[in-house]
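Step one of this worksheet: look at the structure below.
Rule-based calculations on the coordinates, nothing more; no lab input. If you're wondering where the values come from, they're calculated on a predicted model, not measured in any experiment. With ideal geometry, Cβ positions are generated from the backbone for all residues, glycine too; neighbour counts draw on all protein chains shown.
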Amino acid sequence: MAKDRLQARWKRGRRIRNRISHVRKDRLRLSVFRSAANIYAQIIDDSKGETLCAASTLEKEIREGLKSCANVEAAVAVGKALAGKAIEANIRRVVFDRGGYLYHGRVKALADAAREAGLEF
């Protein structure tokens with residue numbers, strides 16, 4: 001059962017990235033990974049194949065004020081931190097890659113926090 005769900009998420013993620021790469025070639029990609037214990041986000045330049053900036057609940061600055069690293073509050077903190085790093089790196093416009101996850105809960109909270117902090121997508 002778990003293998004089927006994992007394979008289905010990979011398949012959805014691949015389909016999303018394929019659509020992003022064909023439609024939004026000029027934009028960078030904000031990719032999200034959500035585990036049971038943490039949430040990770042990074043901005044990727046697919047043309048060069050490199051990560052420009054990243055944030056996660058593993059970072060000490062983000063983890064300090066949180067009760068748990070696996071809730072909506074943590075996702076909001078990661079979204080704000082990533083947007084701050086992106087703006088420092090002169091990145092304003094990205095395309096959101098939800099990585100096969102539903103746009104709901106922690107993924108949605110991260111996206112909304114990044115938008116409020118200044119990223120456009």
Handout entry: Under-5 Å amide H pairs with Val95, H placed in peptide plane, nonlocal only
Key = Leu28, Arg29, Leu30
Problem - For the chain, share of DSSP beta bridges that run antiparallel, in % to the nearest 5 - result: 70 percent
Completion exercise
Distance in Å, no decimals, from the C-alpha centre of segment 1-60 to the one of segment 70-101 is 11 Å
Problem - Global geometry of the chain, whether rounded, prolate or oblate, following the gyration tensor of its Cα atoms and the 1.5 cut on a/c - result: oblate
Handout entry: Estimated vicinal HN-Hα couplings, Hz - segment 77-85 in sequence order (Karplus 6.51, -1.76, 1.60; Gly, Pro = x)
Key = 4, 5, x, 5, 5, 5, 5, x, 5
Practice task
Kindly flag which residue pairs out of Lys11/Lys48; Lys3/Lys85; Lys67/Lys108; Lys11/Lys67; Lys48/Lys108 have an alpha-carbon separation exceeding 30 Å in this structure.
Solution key: Lys3/Lys85; Lys11/Lys67
Practice task
Please sort by residue number the trypsin sites (Lys or Arg not before Pro) in segment 1-36 whose DSSP state is loop and whose Cβ has at most 10 other Cβ atoms within 10 Å.
Solution key: Lys25
Problem - Relative contact order of the chain, defined on C-alpha pairs under 8 angstrom at six or more residues apart (%) - result: 29 percent
Practice task
Provide the per-residue ³J(HN,Hα) series for segment 21-32, in order, calculated from phi with Karplus coefficients 6.51, -1.76, 1.60 and θ = phi - 60°, each as a whole number of Hz, with x at glycine and proline positions.
Solution key: 5, 7, 8, 10, 5, 7, 9, 7, 10, 9, 9, 10
